[in-house]
Amino acid sequence: MRPIGGRIGRLAIPLRVLAQRFALLFLVGASVALMIAAKGEHWAVERVRTTVMDAITPVLDVVSRPAQAFNTASEQVSRLLYVYAENDRLREENERLRSWQSTARRLEQENAAFRALLRARPEPGVLYVSGRVVGDSGGPWVRTLALNAGEADGVRKGSAVVTGDGLVGRVVEAGDRSARILLLTDLNSRVPVVVESSRYRAILEGDNSDTLKLSFVIPSDDIRIGDRIVTSGSGGLFPAGLPIGDVTAIKDGTALVTPLVRFDRLEYVRVLRFEFPGMEAETAPPARAAR
């Protein structure tokens, strides 16, 4: 005679298999039923949902507080570490600036001594008038900009126009309250320049493209890619040393210069009032602030 326990065990196995097979179907059916009930916005479902939310919300609030406190502490630690790192960086930068300050003072003293020895004349003062670019007054073959400052503000024909990046061009027409600026890239633009490193003189020409070219430079073999081009001050139109651009290519013996100024992003510019020694000085109206 077989034991009853073994018989009951064999009967329990098919029941467990059936339960496993139909459990998934039961859960899917229950989920569908809950979705349908929730879609119907039945008051009983809404009541159950709000009751559950009311019961869970305090628990979630309590559980989330440690995580929130940990995030806050972590953020404060990160800020503290950043402050320490920034403090170290500022200390190093301060030390470098102090070193440069002492060097600058020494060079200033030497420069003053050399000027006194050579009886060199000081550079003329440079004033400026700030204005806003209000439009492009040129055409397909002319690259010019309109400025909302004119002779009443101290702007005069031939004045250099600059930004914080470098030379923009020069004033070719000046009215009472407006002026027209000829850009460096215009075909009619000619600027006397020097190669900053070698001090070779040249003429910088525009050709209505985004690059400039050097002409009448001797010897051209000593010009290297990366050389900085600045104004020479020859002719007394522009002050010496205004940055213009860098040599980026040399094609067929001609050096091509990419301007430092982004002409498509000009908003505010400065018109320089430069009085070259020997030229008749004009009384300049006080410079106005940028609009």
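Derivation of every value follows stated rules applied to the coordinates shown; laboratory data play no part. These figures come from a predicted structure and were not determined experimentally. Don't worry about glycine lacking a Cβ; one is built from the backbone with ideal geometry, like all the others, and counts go over all protein chains shown.
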Under the 7 Å Cα-to-Cβ spin-label approximation, T248 and R47 lie apart by a distance in nanometres of 7.5 nm
With +1 at each Lys and Arg Cβ and -1 at each Asp and Glu Cβ, the charge dipole magnitude of the range 126-274 around its Cα centre, to the nearest 20 debye, comes out at 340 debye
Amide H contacts under 5 Å for S178, restricted to residues at least 5 apart in sequence or on another chain and with H modeled in the peptide plane, are G150, E151
Checking the range 147-219 for GluC sites (Glu not before Pro) in a loop per DSSP with at most 16 other beta-carbon atoms within 10 Å yields E196
Nearest-0.05 FRET efficiency for R199 and E267 at R0 = 30 Å, using Cβ-Cβ distance, is 0.35
Sequence order, the range 89-104: Karplus ³J(HN,Hα) from phi using 6.51 cos²θ - 1.76 cosθ + 1.60, θ = phi - 60°, Hz rounded, Gly and Pro as x, gives 5, 5, 5, 5, 5, 5, 5, 5, 5, 5, 5, 5, 5, 5, 5, 5
If D252, D246 are placed from fewest to most neighbouring beta carbons inside 10 Å, the sequence is D252, D246
Across 5 Å bins beginning at 0, the whole-percent shares of Cα-Cα pair distances in the range 126-274 come to 2, 10, 21, 23, 19, 13, 7, 4, 1, 0
Karplus-derived 3J(HN,Hα) from phi for the range 177-185 (6.51 cos²θ - 1.76 cosθ + 1.60, θ = phi - 60°), whole Hz, x at Gly and Pro, runs 10, 8, 8, 10, 9, 8, 6, 4, 7
Contact order relative to length for the range 126-274, counting C-alpha pairs under 8 Å separated by 6 or more residues, stands in percent at 25 percent
When V133, V195 are ranked with the fewest other C-beta atoms within 10 Å first, the list becomes V133, V195
